[in-house]
Amino acid sequence: MALRLHNTLTRSKEVFTPIEAGKVRLYTCGPTVYAPAHIGNLRTYMFEDILRRYLEWSGYEVTHVMNITDVDDKTIEKAIAEDRDLLEMTESITQRFERDLATLNILPAHHLPRATDYIDGMIGGIQTLLDRGVAYTAGDGSVFFDISKDAGYGQLVNIDPASLRQGERTSDDDYGKDQARDFALWKGAKPADGPYKWSAPWGEGRPGWHMECSIMSSHFLGQHFDIHCGGVDNIFPHHENELAQSRHMFDTPFVNFWLHSEHLIVDGEKMSKSLGNFYVLQELLDRGLTPEALRYTLLATHYRQQLNFTLDKVRESQKAINRLKELARRLEQVPVGHEGQTILPPDDQWRAAMDSDLNISGGLGAIFGWAKELFAALDREALSAPSTGDALAALRSYDKVLGVIFTSSAHANKERIEELIKQRDKARSDRDWSRADSLREELAAMGVILEDTPEGTLWKRG
RNA sequence: GGCGACGUACCCAAGUGGUCCAAGGGAGCGGUUUGCAAAACCGUGAUUCACCGGUUCGAAUCCGGUCGUCGCCUCCA
């Protein structure tokens, strides 16, 4: 059985074979740091996290690079509007971004290069394209890539290059393109850019937004690497252009697998600021939703399917996670040496599902089906000690990918909650049921659900 | 207009030619358990996979058509 991934380049599932045995070089498109990430952005990073974790779970050594776009129209515009230094602003947003990922238990990339640190490399790349005759300078100091020189142009997005050149939107562009969809490798400096410009042989300005990914990916991963990811909106023009320029800058194939995640929509509609259904992580946490429940919600829908994000779905996710956490707790209590039946973990089912283009629903189905058997055996006190150990180990193993069961996220109000529970336990031992019940209601109002067990009172978030 | 995805029980969702008279999660109902709960367990849920037609011994799964939903094509994950 082998891992198969859907390659946008061929629009089909292909068996994944790394360039270098046992190792995977992975590049994922990171954020443009002009505003905090919204839940839709985070969906894509969650998909990439599952991809990376599953590759690692399968035994690959992964090198993961994510770019930080810290110079483009939006970042410059915002810095100037707020009268802040560009790098100071982008750095603070980048740090918030990293905190958001950590909150959701998304593994940080091994390298997080900032575009502004690689401008010299980008200038060198553009020079190569000029030298090779596939790029040209425009009157204002800009440099454009000539797509008519690229026979493969349009392959990723699946459109005929001829139709692109007949595009009717040519005149929209401020820069002097002489062909419809030629794209900017370098943007000549404009007054609106303020101090944010760099010197190049053909004039002052800044890199076009596709160039950074070619240069930074090749810097860390080589000119030919395994997987490049992003959201579907990146397919065109960003990745198409990145592929075109890389193909001509480098003398090797560029990327073997292009993977793209579908968008997240909210309550059935596209998320947008104008519709007012625009969620940022912190707002969701402020509503009392837990990081684990949000993580589960974002990972439980297959990455090539639109994810309809609703608050109900997050609540369902919380319950699903609670079930697995409860299973772990029960397994930990089985006495050593206990006799009983053997129940094997569903490793084959889990692997078969995940190997099929990361079929997470199938994988979760396997885990929950197995969980049901374990609970039934545990209730009958009929699970053998070896099976218990295997089950716990398997649960920990699956959670290396899922990242929602054995988490120890800091809970707000934890001390207050535990104090109230202590008072209630006292009331219960005094058989003061009305006081015990009112304390339980008070805790319920805080979103805390109690479980009285022979081993004491447990609590969890609802 | 071009490109693409999708339509499976009350909701979410896997399954892509027979082992499916269709996984799993959530909600519901009845029962066990519990001081009461919670959690867990037992039982209960689609004779059916948007609709119509076709291929086949056999289709949720393949082909054609119809209807519907959504996305990309412009900055956007």
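The values are calculated or read from the model by the stated rules, or taken from the named source; none is laboratory data. Being a predicted model, the structure only gives us computed values, none of them experimental. So basically every Cβ, Gly included, is an ideal-geometry build from the backbone, and we count neighbours across all protein chains shown. Just so you know, the surface numbers come from the protein's heavy atoms only, side chains and all, with ligands and any DNA or RNA stripped out. Shrake-Rupley method; radii C 1.70, N 1.55, O 1.52, S 1.80 Å.
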### Task
Can you pull the one-decimal nm distance between simple spin-label points at residue A:81 and residue A:441, each 7 Å off the Cα toward Cβ?
4.9
#### Entry: Net lengthening on full extension, residue A:252/residue A:347 (0.36 nm per residue, minus Cα-Cα)
30.4 nm
### Query
If r is the Cβ-Cβ distance from residue A:426 to residue A:311 and R0 is 56 Å, what FRET efficiency results, to the nearest 0.05?
0.95
### Task
Keeping to pairs on different chains or 8 or more places apart, tell me how many lysine pairs in the range A:266-402 have Cα atoms under 24 Å apart.
10
### Query
If packing is taken as the mean number of other Cβ atoms within 10 Å per residue, what is the order of A:341-349, A:353-361, A:213-221, highest first?
A:213-221, A:353-361, A:341-349
### Task
Please report, as a whole percent, how much of the solvent-accessible surface of chain A comes from carbon and sulfur atoms (probe radius 1.4 Å).
48
### Query
What aspartates and glutamates could a cross-link reach from residue A:414, if we take a straight Cα to Cα line under 15 Å and drop same-chain neighbours fewer than 8 places away?
A:442
### Message
Starting from the 7 Å offset along Cα-to-Cβ, what nm value, one decimal, do you get for the label separation of residue A:199 and residue A:219?
### Response
2.0
### Task
Would you list, by chain and number, the aspartates and glutamates whose Cα falls below 14 Å from the Cα of residue A:197, excluding same-chain residues fewer than 8 positions away?
A:70, A:72, A:73, A:77, A:85, A:117, A:120, A:140
### Query
Measuring from a point 7 Å past the Cα of residue A:326 along Cα-to-C-beta, which residues in the range A:434-461 have an amide N at less than 18 Å?
A:444, A:447-461
### Task
Beyond 17 Å, what share of the Cα-Cα pairs of the range A:42-90 is found? Please give it as a whole percent.
54
### Query
What are the DSSP H helices in chain A that stretch 20 Å or more along their long axis, judged by alpha-carbon atoms, and whose average Kyte-Doolittle hydropathy comes to at least 0.0?
A:360-379, A:385-402
#### Entry: In the range A:1-87, the trypsin sites (Lys or Arg not before Pro) that fall in loop regions by DSSP, at most 15 other Cβ within 10 Å
A:11, A:84
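Can you sort A:232, A:24 by solvent-accessible area, 1.4 Å probe, largest first? Walk me through the numbers before you get to the answer.
Values: A:232 40, A:24 0 Å².
Largest to smallest exposure gives the sequence A:232, A:24.
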### Among beta bridges that DSSP assigns inside chain A, antiparallel share in %, nearest 5
50
### Task
Please label the shape of the range A:1-140 as rounded, prolate or oblate, based on the square roots a ≥ b ≥ c of the eigenvalues of the alpha-carbon gyration tensor (a/c under 1.5 means rounded; beyond that, a/b larger than b/c means prolate, else oblate).
oblate
### Query
By DSSP, what percent of the beta bridges with both residues in the range A:1-128 are antiparallel, rounded to the nearest 5?
35
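What size of dipole, in debye to the nearest 20, comes out for chain A about its Cα centre when the only charges are +1 on Lys and Arg C-beta atoms and -1 on Asp and Glu C-beta atoms?
900
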### Task
Would you give the gap between the C-alpha center of the range A:49-71 and the C-alpha center of the range A:385-458, rounded to a whole Å?
34
### Query
Shape call for the range A:4-261 from the C-alpha gyration tensor, a ≥ b ≥ c root eigenvalues: rounded (a/c under 1.5), prolate (a/b greater than b/c) or oblate?
oblate
### Message
Taking the solvent-accessible surface of protein heavy atoms with a 1.4 Å probe, what is the per residue accessible area of chain A in Å²?
### Response
45
### Task
Could you name the aspartates and glutamates whose alpha carbon sits less than 17 Å from that of residue A:149, not counting residues in the same chain fewer than 8 places away?
A:131, A:160, A:178, A:182, A:240, A:242, A:251
### Task
Obtain the radius of gyration and the Kirkwood radius of chain A from its C-alpha atoms and give Rg over Rh.
1.05
### Gain upon complete extension [residue A:57, residue A:95; 0.36 nm per residue less C-alpha separation]
10.9 nm
### Task
Under 18 Å from a label point 7 Å along Cα→Cβ of residue A:361: give me every residue in the range A:320-344 with its amide N that close.
A:320-321
### Query
What nm distance separates the two modelled labels at residue A:12 and residue A:449, each placed 7 Å from Cα along Cα→Cβ?
4.6
